[in-house]
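Written out below as structure tokens is the structure these notes cover.
The values are calculated or read from the model by the stated rules, or taken from the named source; none is laboratory data. This is a predicted model, so every value here is computed, not measured. All Cβ positions, glycine included, derive from the backbone under ideal geometry; neighbour counts span all protein chains shown. Ligands, DNA and RNA are excluded from the accessible area calculation, which covers all protein heavy atoms including side chains. Shrake-Rupley method; radii C 1.70, N 1.55, O 1.52, S 1.80 Å.
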Amino acid sequence: MALSSSSSSSTANIFVLSLFMLLLMGSSNSAQLSENFYVKKCPNVFNAVKSVVHSAVANEPRMGGSLLRLFFHDCFVNGCDGSVLLDDTSSFKGEKTALPNSNSLRGFDVIDAIKSKVEAVCPGVVSCADVVAIAARDSVAILGGPYWNVKLGRRDSKTASFNAANSGVLPSPFSSLSDLISKFQAQGLSTKDMVALSGAHTIGKAKCSTFRQRVYNETNNINSLFAQARQRNCPSTSGTIRDNNVAVLDFKTPNQFDNLYYKNLINKKGLLHSDQVLFSGGSTDSLVITYSNNQKAFENDFVNAMIKMGNNNPLTGLNGQIRKHCRRAN
């Protein structure tokens, strides 16, 4: 039976209204990150962040790697929401004391200093999650690496999860290649993304406890002189204060963001087991060779992977909050 013109018009109106409501709901629940998010709200945010990061890295170049790692560990646990910054409370146990983070993650004081400076310029506007993202980019650029426009607009979580951080979502320094691939894929990151992001180990340091097994027990895929040099500062037995002794991840140019990390892998001089597995006769060997020969290719892929990781399940729109202090919810 044919519809009358009035009922047809009414049906069309209902359809248009329903479509409008769906679009409205979608836009409020999945607001997109944007490079221009703070252009009008807080145009001085980048200068505020960079000034603090620059001073911190000038004082201790290792801090550049620490701030970059902080961003990784935030994004891999329930998305890039600043949850890694939260201290424990009576209502939840946070991520700081989880096994991958305890006595390992650094840079919280620097994030506090950045947030304080940003709040003085634009109170209640810039999230801690975005502060971490910008600080990671600035750390790379200050140490000679690429500069990119960070997508912003994240909001901060009100809670954190010790169990989530301890669940195995974060790759360990003892990971196999297949484990690395699967953990990054679980975050929506490809094998190429994983190899490029591993290049973050061109800066920073690692504790003896994370590379002891490699320099003493691995013989087929490690340069013997390199292993002996690392052993001098890392005893073969655990349980002493020297477990906390550190070595640079890139022994060639530890304070320069470049592609020598990949050259080291080809020469069997990766510090961590999870570094060297990237060049050990497996599926990622060709990418390591490419990046070792072409720094621009590495930088391009690193930037693309950082942006991709930064888009990982952020809180936007009306979700979460803008924390006044990064260590605690409002």
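In the chain, the portion of solvent-accessible area held by carbon and sulfur atoms comes to 53 percent [1.4 Å probe, whole percent, DNA, RNA and ligands not counted].
Zone of E60 (label point 7 Å along Cα→Cβ, backbone N under 20 Å): which residues in the range 107-144? Correct set: 107-117, 132-144. Long hydrophobic helices in the chain: the complete DSSP H runs spanning 15 Å or more by Cα along their own axis with mean Kyte-Doolittle hydropathy of at least -0.5 are 5-29, 45-59, 62-75, 108-121, 128-142, 295-310.
Model label sites at C122 and Y216, defined 7 Å from Cα along the beta-carbon direction, differ in position by 5.0 nm.
Looking at the calculated P(r) for the chain, what percent of the C-alpha pair distances fall above 33 Å? Across the chain, Cα pairs with separations above 33 Å total 31 percent. Under the convention that each Lys and Arg Cβ holds +1 and each Asp and Glu Cβ holds -1, the size of the dipole of the range 267-327 around its Cα centre is about 400 debye. This model, with +1 at the C-beta of Lys and Arg and -1 at the C-beta of Asp and Glu, gives the chain a dipole about its Cα centre of some 500 debye.
The charge dipole of the range 56-146, taken about its Cα centre with unit charges on the Cβ atoms of Lys, Arg (+1), Asp and Glu (-1) only, comes to about 220 debye. Residues of the range 174-210 falling in the label zone of S167, defined by backbone nitrogen less than 13 Å from a point 7 Å along Cα to beta-carbon, are 186-187. Applying 1/(1 + (r/R0)^6) with R0 = 45 Å to the Cβ-Cβ distance of S91 and S236 gives a FRET efficiency near 0.55.
Our summary gives the chain a relative contact order of 25 percent, counting only alpha carbon pairs under 8 angstrom and 6 or more residues apart. Here the scattering of the range 94-164 is modelled by Debye summation over its C-alpha atoms, one equal scatterer each and no solvent; at q = 0.20 Å⁻¹ the log10 of I(q)/I(0) is -1.03.
In a GNM of the chain with a 10 Å cut-off on Cα contacts, which of N313, N103, N304 has the highest mean-square fluctuation? Sorting by GNM fluctuation, first place goes to N103. Inter-label distance, I289 to F251: 2.5 nm, where each label sits 7 Å from its Cα along the C-beta direction. For K252, the lysines whose Cα comes closer than 17 Å to its Cα, not counting residues fewer than 8 places off in the same chain, are K205, K263, K268, K269. Around the amide H of L315, modelled in the peptide plane, lie the amide H atoms of R155, all under 5 Å away and 5 or more residues distant in sequence or on another chain. Scalar couplings 3J(HN,Hα) for the range 89-96, obtained by applying the Karplus form with A = 6.51, B = -1.76, C = 1.60 to θ = phi - 60°, are 10, 5, 9, 7, 9, x, 8, 4 Hz; x denotes Gly and Pro.
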